[in-house]
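Worksheet: the structure to be examined is printed underneath.
Coordinate-derived values only; no laboratory data. It should be emphasised that the depicted structure is a prediction, and the values quoted were computed from it without experimental measurement. Cβ: placed from backbone, ideal geometry, glycine included. Neighbour counts: every protein chain shown.
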Amino acid sequence: MIVTVRPEGMARINTPQLAEAYIEEQIAALREQIGDKKVLLAHSGGVDSSVVAALLIKAVGQQLVCVHVNHGLLRKGEPEQVIEVFRNQMNANLIYVDAVDRFLDKLAGVSDPEQKRHIIGEEFIDVFAEEARKQEGIEFLAQGTIWPDILESEAGIKAHHNAGGLPADIAERFELVEPVRILFKDEVRMVGRALGLPSNMVDRQPFPGPGLGVRCPGAITRDRLEAVRESDAILREEFAKNGLEGKVWQYFTVVPDFKSTGVKNGKRTFDWPCIIRAINTTDVMEVTVEHLSNELIDHLVQRIITEVPGINRVLFDYTPKPPATVEYE
Ligand code: XMP
C-alpha cells in the first residue's frame, strides 16, 4: 500500500542513498497498486509532475500515459524539453497537445487578472478531460501532490483538488496515484536527481500555474507575450552564466501594457518597457530583492533592448514584499 500520511519521525530524504531507497519502495508500491492497468498523468513539466512521471515510467513503463498541454504560456524551450526528456530519452508514452491557439483565443481581450486565471484553469481542465475521454481502459490518475499541499489544504489555505478538479464523469473513473505525496519539495528534488532528471528540470525556480500569462499584465497579445518569453529566456541564460541559477529564489521579466518613446538608429520608437524582478524568500509571505551587480544590469539592458522586438527600455523592480507581491497580477 502507498503511504498516505507522512509517517511520524520519517527521516528527511537528504542523501542520494535515502532517495534511492525511497524510489525502490515506491516502485514496488506502484506496481502493487497499479498491476497491469493504465495510469494517466497531466505532465506540466514542473518538478513534481516530472518526478511522478519518472517514477511511474520506472514502475509501469508504457502503462503510463502522460499528457503535456502546451497552453502557450510556458517558458521558452519548456515543451521541447518535456518531449526530449520524457518521450525521446525515457521512452514515455507522451501525448503532446498543442492548445496554444485555443487558450490565446479565449484570453484575447480579457484584462481582469482573476478572470484570466479562471479561463486558464478551466480551459486546462477541459483540454485534459478531452484527452482523458479519448483514452480507453485507464483506471488510475497520477498527481504530483506534495506534503505542503496536504498541510495547506488541511489548514484551509489552499484548496487541494481531488482528481485535479476534473469533471465528475471522469474523476469517478479514476483511483488516485500520488507517489510524492509524503515528500517536501527539497525531497522531491533529491528523488528527481536520483532518477536522473536534468538539473535544470529538478532545480528550477517556482513557476505559477497561469505561467507567463500573469507576466503579461492586462489583456494578453501574442506579440507582447513573445516579448515576455524572449526576455525571460535572456534573463535565465544570464543568471545561469553568472552563477545565480539555483541561488536566487525566483527571477523573471514582466512586459506591461504601456508604451513609451525611445530612439533607435536615429528614429523614434514607441515600444514597451521590460521589467526585471529577482527575489529571495523562505516562505513567499515576505520577500527581499536580489541586488544585481552593475555589470550584470548593464549587460541585461543591452541584450534585452537589442534582442527583444518591441522593447525600448528596461526597468528593475527593487520592491520587497510587502508591499508588492511577487507577481504583477
Ligand atoms: P505572490 O505574487 O502571491 O506570489 O506574491 C507568491 C508565489 O506564488 C506564485 N504564484 C502562483 N503560483 N498559481 C501558482 O501556481 C498562481 O496563480 C500563482 N500566483 C503566484 C509566485 O510565482 C510566487 O512564487
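Net charge of the neighbourhood of THR269, taken over other residues with C-beta under 13 Å away and scored Lys/Arg +1, Asp/Glu -1, is +4.
Ordering TYR251, TYR318 by the number of other Cβ atoms within 10 Å of each residue's own Cβ, fewest first, gives TYR318, TYR251. Taking the square roots of five times each eigenvalue of the Cα gyration tensor of the stretch 67-190, the equivalent ellipsoid has semi-axes of 23, 21, 18 Å, listed largest first. Note that the stretch 101-254 shows a convex hull volume over its alpha carbon atoms of 150 Å³ per residue. Over the Cα atoms of the stretch 66-130, the radius of gyration divided by the Kirkwood radius equals 1.04; this is the Rg/Rh ratio. Exceedance of the 22 Å cut-off in Cα-Cα distance is limited, within the set LYS38/LYS134; LYS58/LYS241; LYS76/LYS264, to LYS58/LYS241; LYS76/LYS264. Mean projected area of the convex hull spanned by the Cα atoms of the chain, taken over all viewing directions: 18.0 nm². Placing a label point 7 Å from the Cα of VAL326 along the Cα-to-Cβ direction, the residues of the stretch 179-194 whose backbone N falls under 17 Å of that point are 184-189. Panel order for VAL67, VAL180, by other beta carbons found within 10 Å of each beta carbon, from fewest to most: VAL67, VAL180.
Between GLU84 and ASN242, the C-beta separation translates, for a Förster distance of 22 Å, into a calculated FRET efficiency of about 0.30. Compared with the alpha-carbon gap, the fully stretched path from SER199 to GLU175 is longer by 5.5 nm at 0.36 nm per residue. Computed about its Cα centre, the charge dipole of the chain is approximately 820 debye, with only Lys, Arg, Asp and Glu carrying charge at their Cβ.
Rounded to 0.05, the FRET efficiency of the MET10 and LYS267 pair, given R0 = 41 Å and the Cβ-Cβ distance, is 0.05.
For LYS267, the lysines whose Cα comes closer than 17 Å to its Cα, not counting residues fewer than 8 places off in the same chain, are LYS259.
Using R₀ = 30 Å, calculate the FRET efficiency as 1/(1 + (r/R₀)^6) where r is the Cβ-Cβ separation of THR288 and GLU20; round to 0.05.
For THR288 and GLU20, the calculated efficiency is 0.25.
Amide H contacts for GLU139 (H built 1.01 Å from N in the peptide plane; partners 5 or more residues away or on another chain; cut-off under 5 Å): LYS38.
The order of MET90, MET190, going from fewest to most other C-beta atoms within 10 Å of their C-beta, is MET90, MET190.
Within a straight-line Cα-Cα reach of under 16 Å, LYS106 can be paired with the following lysines, leaving aside sequence neighbours fewer than 8 residues apart in one chain: LYS116.
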